[in-house]
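Comments concern the structure below.
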Amino acid sequence: MSLNIKAFQVLNGDCFLISFFSLHRNEESYILIDSGFASTYHRTLKLSMQQIADEGKRMDLVVITHFDNDHISGFIPFFKDFGVRNVQKIWFNHAGAEFSFPNNDGNIGAREGIQIRDFLLKTEKLSKNLIYFPQTHLIDNVTIRVLSPNLEDLQSYINKWQDTESDYKSDIQSIGSVKSDKHKTVSELLSDLQTTDRSISNRSSIAFLLDHDKRTILFTADSNPDVLAKSLISIGFSCEFPIKVDLMQVSHHGSKSNTSLDLLHLIDCNNYLVSTNASNSHQFPHKRALALIANTVNERRPNETINFYFTYDDPIFRDLFTSDEVSKYNIVCKFPPNCDNGINITI
């Protein structure tokens, strides 16, 4: 049985719809990860949600990975349009009064997260427990192994926003108007120094391994590579015995600060999903992140193809690698068909 992943075109955001066959109900079932921007919702996610609703199908799980606008904003019109009647369970590590840690009496919130939290707390669909490593969850005939956040980072995130909701300021450490590295060669980029995303918002992202019928997908959201690497090592993987993954989402839309050699050496994968457009102030995806992937895969198995799946078809992406680099690293870049709002990947 196959897994199908629809990665929507939501600018430089994330919105993934996973469909799989439910053995328990003998029908197609769905998991939704993030919603993109509110501005992209009506031409992307809404169309699929309407079709699912019209067919009388249900959503087994909705995952809101973290607070950033490019992941969460689309949920506001989503819940207004569809509510939660056909949703079985929702994961959302919100910073709200209903959740507390030992010795922590503070209440906090976060921008759009406040509105979504207040709505979801009135329903019975929101998970009563925080989601963090090393939890394992069974959703129908899908197993989810949580890799991020760890409890320490989640605690730090809660403490960070312990003052008042009205005084909340985003902790996103903007990369700003960074210079593009797309003009550099893979060889040049491999020698650049590694940078690390230190945003506590991104470190608190829900990232996980999704297992279904001997297939494994790694969904990373905007997670920190050090956090993911530490989790993978903790559950028994190593450079000598990496985890076999059929598809990996490149973290934080291909940011060079969210992909590291330490992480890549723990993962055996040939298929990588890049969720972003080409016209964004952060210059996502950074070619260095993709160069690290290409080189790592090539060193492991020089004769095998590396597939990069892009949510947008753009001349910048088509010119990302030189013909020599494509030949040397066996790179294949795959793009969505014309007039399609994203790319479909079947594993």
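Suppose each label sits 7 Å from its Cα in the direction of the beta carbon; what would the Lys179-Lys122 distance come out to in nanometres?
It works out to 5.2 nm between the two label points.
Compute the angle between helix 45-54 and the longest alpha-carbon principal axis of the chain, please, reported from 0 to 90 degrees and rounded to the nearest 10.
Between the helix axis and the principal axis of the chain, the angle is about 60 degrees.
Pop out the ³J(HN,Hα) list for segment 330-344 in order, Karplus 6.51 cos²θ - 1.76 cosθ + 1.60 with θ = phi - 60°, rounded to Hz; leave Gly and Pro as x.
Working through the residues one at a time gives 6, 8, 10, 9, 10, 10, x, x, 4, 6, 9, 7, x, 10, 9 Hz.
What does DSSP give for segment 4-346 in terms of the percent of beta bridges that are antiparallel, rounded to the nearest 5?
Values: 30 of 54 bridges.
If I count the DSSP bridges inside segment 4-346, around 55 percent turn out antiparallel.
Which net charge results when you count Lys and Arg as +1 and Asp and Glu as -1 among the other residues whose beta-carbon is under 12 Å from that of Tyr329?
Details: positive: Arg300, Arg301, Lys328; negative: Glu299, Glu304, Asp324, Glu325.
Summing Lys/Arg as +1 and Asp/Glu as -1 gives -1.
Which order do Arg25, Arg215, Arg288 fall in if you start with the one that has the fewest other Cβ atoms within 10 Å?
Sorted ascending by nearby Cβ count, the order is Arg25, Arg215, Arg288.
Could you check the simple spin-label distance between Arg300 and Thr196, using points 7 Å along Cα→Cβ, in nm with one decimal?
2.2
Provide the per-residue ³J(HN,Hα) series for segment 231-237, in order, calculated from phi with Karplus coefficients 6.51, -1.76, 1.60 and θ = phi - 60°, each as a whole number of Hz, with x at glycine and proline positions.
Along segment 231-237, the couplings run 5, 4, 5, 5, 9, x, 9 Hz.
Consider just the alpha-carbon atoms of segment 4-346 and return their Rg together with their Dmax, both in angstrom.
19.3, 58
Could you compute the FRET efficiency for Ser238 and Asn26, with r as their C-beta to C-beta distance and R0 at 41 Å, rounded to 0.05?
It comes out at approximately 0.55.
Counting other Cβ atoms within 10 Å, keep those with at most 12, restrict to DSSP loop, and tell me which GluC sites (Glu not before Pro) in segment 17-102 are left.
Working: sites: Glu27, Glu28, Glu55, Glu98; in loops: Glu55, Glu98.
Within segment 17-102, the qualifying GluC sites (Glu not before Pro) (loop, at most 12 other Cβ atoms within 10 Å) are Glu55, Glu98.
Taking the Cα centre as origin and putting +1 on Lys and Arg beta-carbons and -1 on Asp and Glu beta-carbons, what dipole magnitude results for the chain, to the nearest 20 debye? Don't jump to the answer; show the numbers that get you there.
Details: 34 positive and 42 negative charges, 58 e Å.
Here the chain has a charge dipole of around 280 debye.
Once each part is reduced to its C-alpha centroid, what is the distance from segment 318-344 to segment 175-219 in angstrom?
Comparing the Cα centres of segment 318-344 and segment 175-219, I get a distance of 18 Å.
When we measure straight from the Cα of Lys230, which aspartates and glutamates land under 17 angstrom away, once same-chain ones fewer than 8 places off are left out?
Within the straight-line cut-off, Lys230 pairs with Glu152, Asp153, Asp197, Asp222, Glu240, Asp262, Asp268.
Could you calculate the FRET efficiency of Ser187 with Asn69 from 1/(1 + (r/R0)^6), where r is the beta carbon distance between them and R0 is 35 Å, rounded to 0.05? Don't skip to the end; give the middle numbers.
Values: r = 36 Å, r/R0 = 1.03.
Efficiency, from the Cβ-Cβ distance: 0.45.
Note the full-extension length gain between Asp314 and Gln115 as 0.36 nm times their separation in residues minus their Cα-Cα distance, in nm to one decimal.
The Asp314-Gln115 span can extend by a further 68.2 nm.
Taking only DSSP H segments of four or more residues, each worth -39500 (n - 2.57), what value at 222 nm results for the chain once the sum is divided by all its residues, to the nearest 500 deg cm²/dmol?
Values: 13 runs with 94 residues, N = 347.
Estimated from H runs of four or more residues: -7000 deg cm²/dmol.
Could you compute the FRET efficiency for Thr346 and His42, with r as their C-beta to C-beta distance and R0 at 22 Å, rounded to 0.05? Walk me through the numbers on the way to the answer.
Values: r = 26 Å, r/R0 = 1.18.
Computed FRET efficiency for Thr346 and His42: 0.25.
I need the per residue convex hull volume for segment 285-347, using only the alpha carbons, in cubic angstrom as a whole number. Walk me through the numbers before you get to the answer.
Numbers: hull volume 5.9 nm³, N = 63.
Considering the Cα atoms of segment 285-347, their hull volume per residue is 94 Å³.
Fully extended, how many nm does the chain gain between Thr136 and Asp262 (0.36 nm per residue separation, minus their Cα-Cα distance)? All intermediate terms of the calculation are to be shown ahead of the outcome.
Working: separation 126, 0.36 × 126 = 45.36 nm, distance 2.36 nm.
Gain on stretching Thr136 to Asp262: 43.0 nm.
Report ³J(HN,Hα) in whole Hz for each residue of segment 115-127, in order, from the Karplus equation J = 6.51 cos²θ - 1.76 cosθ + 1.60 where θ = phi - 60°; Gly and Pro get x.
Going residue by residue, I get 4, 5, 4, 4, 5, 5, 5, 7, 9, 9, 8, 6, 4 Hz, with x marking Gly and Pro.
Could you calculate the contour length gain from Lys328 to Gln88, that is, 0.36 nm times the residue separation minus the distance between their Cα atoms, to one decimal place in nm?
On the way: separation 240, 0.36 × 240 = 86.40 nm, distance 4.67 nm.
Extra length from Lys328 to Gln88 when fully extended: 81.7 nm.
Scan around Phe237 for amide H atoms under 5 Å from its own, H built in the peptide plane at 1.01 Å from N, and keep only partners 5 or more places away or cross-chain.
Answer set, sorted by chain and number: none.
Which entries in the list Lys46/Lys179; Lys6/Lys256; Lys6/Lys287; Lys89/Lys214; Lys80/Lys256 go over 27 Å, if you measure between the two C-alpha atoms of each?
Lys46/Lys179; Lys80/Lys256
Quick note: the coordinates plus some simple rules give every number you see, no bench work behind them. Keep in mind it's a predicted model, so treat the numbers as computed, not measured. No Cβ is skipped: glycine too gets one built from the backbone with ideal geometry, and neighbour counts run over all protein chains shown.
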